[in-house]
1. Kirkwood hydrodynamic radius, computed over distinct alpha-carbon pairs, for region 177-255: how many Å, to one decimal?
2. Roll a 1.4 Å probe over the protein heavy atoms and report the accessible area of F87 in Å², nearest 10.
3. With Rg and the Kirkwood Rh both taken from Cα atoms, where does Rg over Rh land for region 182-225?
4. Evaluate the relative contact order of region 6-63 (contact order divided by residue number), counting alpha-carbon pairs under 8 angstrom at least 6 apart; express in whole percent.
5. Could you state the accessible area per residue of the chain in Å², with a 1.4 Å probe and every protein chain left in place?
6. Applying the Karplus parametrisation 6.51 cos²θ - 1.76 cosθ + 1.60 with θ = phi - 60° to the phi angles of region 110-116, what ³J(HN,Hα) value in whole Hz is obtained for each residue in order, glycine and proline being reported as x?
7. Compute the Rg to Rh ratio over region 6-63 from the alpha carbon atoms, using the Kirkwood formula for Rh, and round to two decimal places.
8. Greater than 21 Å separation of Cα atoms is the criterion. Which listed pairs, K9/K71; K5/K55; K9/K42; K42/K71, meet it?
Amino acid sequence: MTIEKTDIKSMNQAELQQFLEQMGQPRFRTGQVFGWLQKGVKTFDEMTNIPTGLKEKLVESCYISHAAIEKKLISAYDSTVKYLFSFADGETVESVVMQYHHGYTSCVSTQVGCKMGCDFCATGKSGFRRNLTASEILSQIQTEQADNGIRISNVVLMGMGEPLDNYDNVLRFLELVSCENGLNIGMRHISLSTCGIVPRIYDLAERKLQLTLSVSLHAPNDEIRSRTMPVNKRYPIAELLKACRYYAEKTGRRISFEYAMIDGVNDSDACARELAGRLHGMLAHVNLIPVNSVSGSHYRKSRSDRLKSFVAIMEKAGITATVRRTLGSDINASCGQLRSSAAVSTAAKGENTG
Ligand code: SAH
Ligand code: SF4
């Protein structure tokens, strides 16, 4: 019989304390072990101030998850670095490090694949494999810091997967990553992006976290949104925006609406006016992103005059709108693309990548 090992890096300090106390350890061990895990050690052997007896017990009962670098691409245009990471079971996810004037931002994945099936998204097209654990989300940042010799100051949960479809693990990750004795990345430096899982937006509002909630809206009405984002059939725009208003009121935080501009689909002046009407009076900001073409999708980027016109209409209506700078455009920095191409190349070698 195999006994399932404990994911020790997903434990918060209180849980770790309880766990170690049950092993007969003094209280001060918690800080030591927690500190090593947060530093990103891969083995218990590296915990130099921990007695051998305890290390042996930990090896028997626990594992330390780690994000191993499978592939790495560095943009020739800017210093964006894109990774394909693998975990112990061989599943892979993407993550990107971007350099801005205020420091380094990591874009992490929260699931292997995604169930939501958005039509314009490479991850959505690849299907769903499994949720990531809190420690696997954290490990992406740890590996990036170590590989580049940098400190990541900002985190966006905008990689592969839908964070609110992995709610418990994502909240656990948020607790760990913002912990003073860990990476200590404050909530104000974290953005969570969702396609709009309405009940979880209400749950999150109750937590009153100081993170930025990004909502992937991408359409001003149900007709267009349901065509590109199946989740809209479950949670239509009116319900989603009601939850967003509640969230903004409860937390006092401005919501960032993501809007991928798709040529001829959602980028008309009429769409801009309809969107402005919908967001009227809300603590909101609109981020326009020229859609990235992915293989198997017929969507094309909007023309630049469409972007300008859209921004002008939003601003006239009193809603701030910006066009997001695209980084790493030569390395397919939008998530899902590197993993898809890796799956194709390993499949060609006759290996089973799942
Ligand atoms: N599942 C979450 C977070 C991951 S996707 C969500 O959907 O919000 C991160 C962002 O990338 C989302 O705003 C998503 O809509 C956007 N996105 C996905 N594919 C894209 C593409 N081809 N071009 C531009 N943005 C894209
Ligand atoms: Fe999933 Fe987000 Fe991609 Fe939609 S856009 S399929 S929710 S990762």
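1. 13.4
2. 10
3. Using only Cα positions, Rg/Rh for region 182-225 is 1.09.
4. Numbers: 35 pairs, mean separation 22.7, N = 58.
The normalised contact order for region 6-63 reaches 39 percent.
5. On the way: 16040 Å² over 354 residues.
That works out to 45 Å² for each residue.
6. 10, 9, 8, x, 7, 8, 7
7. 0.89
8. Distance filter (> 21 Å) returns K9/K71.
The values are calculated or read from the model by the stated rules, or taken from the named source; none is laboratory data. Just so we're clear, the structure is a prediction, and the values are computed from it rather than from any experiment. Glycine gets a Cβ as well: all are built from the backbone with ideal geometry, and neighbour counts include every protein chain shown. Quick note on the areas: whole protein, heavy atoms, side chains included, nothing else; ligands and nucleic acids left out. Shrake-Rupley method; radii C 1.70, N 1.55, O 1.52, S 1.80 Å.
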